[in-house]
Structure formats: structure tokens, C-alpha cells
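Here is the structure we will look at.
The values are calculated or read from the model by the stated rules, or taken from the named source; none is laboratory data. Predicted, not measured: the structure shown is a model, and the values here were computed from it. Ideal geometry is used to build each Cβ from the backbone, glycine not excepted, and the neighbour counts take in all protein chains shown. Surface accessibility is based on the protein's heavy atoms, side chains included, excluding ligands, DNA and RNA. Shrake-Rupley method; radii C 1.70, N 1.55, O 1.52, S 1.80 Å.
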Amino acid sequence: MAYGETISKDIIRLHNNISFTGVVFELEEGYIDWREALKYFDFTDEEIEVIVNLINNKLDINELSKATNIPVDRLKDILKKLQDKEVVKYIDVTEKYYIDIDDLKDALKKIDEEMDKEYKVKKAGREMVLKRL
């Protein structure tokens, strides 16, 4: 969009031209590239792989191991860590792991808040050091 204005006074004539340029970015509604999105929350590649495979799936540890190519022993540690963060849920009766999207959203909000607090503490520490120099 462009807007122009001509100003005339006696012999002098000025023309002001103001231009506006805008770009609109839209995300396809409902689509999330989980592998990319979860990187912003400091998950490891293995944790991301587990989460991606459990979204919309209920898998036991052996099925999950096959899907992620992560050994069962290592997978147990990852699942424990994700359960502690309330990202992954476990069904005792079926021995299957799963992710509920609403619970994932709440867990990501908590992680986001923790990351903000950690950043502020580190920022204050850096500022203190810089003031002393």
C-alpha cells in the first residue's frame, strides 16, 4: 500500500510518498511439527523421539523400543524422566505408555515457566559479574 501527498506553496512543490509493506505468515491450523516444536523446550533427541511416537499412540516398552530404535534399558530412564515432568502417562493394566495432548500442553507450560525462571536467574548472575568487572 502506498500513500502519497503533494504539498504546494508558491513556487515550491513537494511530494511525500510513504510506503507500507507487510508480510503475513500463517501456520496451517492444527498442524504442529512436533520434532521441531519440542526442541524449544530443551528435550533431547531421544526424548523427542519418544514423545512423537506416543502422541496419538499407546505403546508398551517393547513396541516403543522398536519404533524409536532405543534400547529398552535406556528407554526406561527416558520414560521415567518424562513421567516425572508429567509428559508421559502409564497405564498399569495394559502396561502401555501414552501422551494426552491436554496433559502435554500443561507440562510444556510448566517447562516454559521453569526455563523463564532459569533464564532470569542466569541473567541476574551475568549482570552481577559484569558490574563487578
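Listed here are the residues, each with its yes/no results for (1) more than 25 Å from the chain's Cα centre (by Cα); (2) open to solvent by 100 Å² or more (accessible area, probe 1.4 Å).
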residue	(1), (2)
Val52	no, no
Ala67	no, no
Arg74	no, yes
Lys85	no, no
Asp112	no, no
Glu127	yes, no
Lys131	yes, yes
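Pairing each residue of the stretch 86-101 that is more than 11 Å from Leu64 (Cβ to Cβ) and part of a loop (DSSP other than H, G, I, E, B) with any residue that is open to solvent by 50 Å² or more (accessible area, probe 1.4 Å) and among the aromatic types (Phe, Trp, Tyr), provided the two are 6+ apart or on different chains, yields no C-beta distance under 9 Å.
For the stretch 59-66, the criterion of being without any contact (Cβ under 8 Å) to a residue 60 or more places away in the chain, closer than 19 Å to Lys39 by Cα, among the acidic types (Asp, Glu) and in a loop (DSSP other than H, G, I, E, B) is met by none of the residues. Does Ile101 satisfy the condition of being surrounded by fewer than 13 Cβ atoms within 10 Å (Cβ to Cβ), at pLDDT below 95 and within 19 Å of Arg35 (Cα to Cα)? Yes, satisfied.
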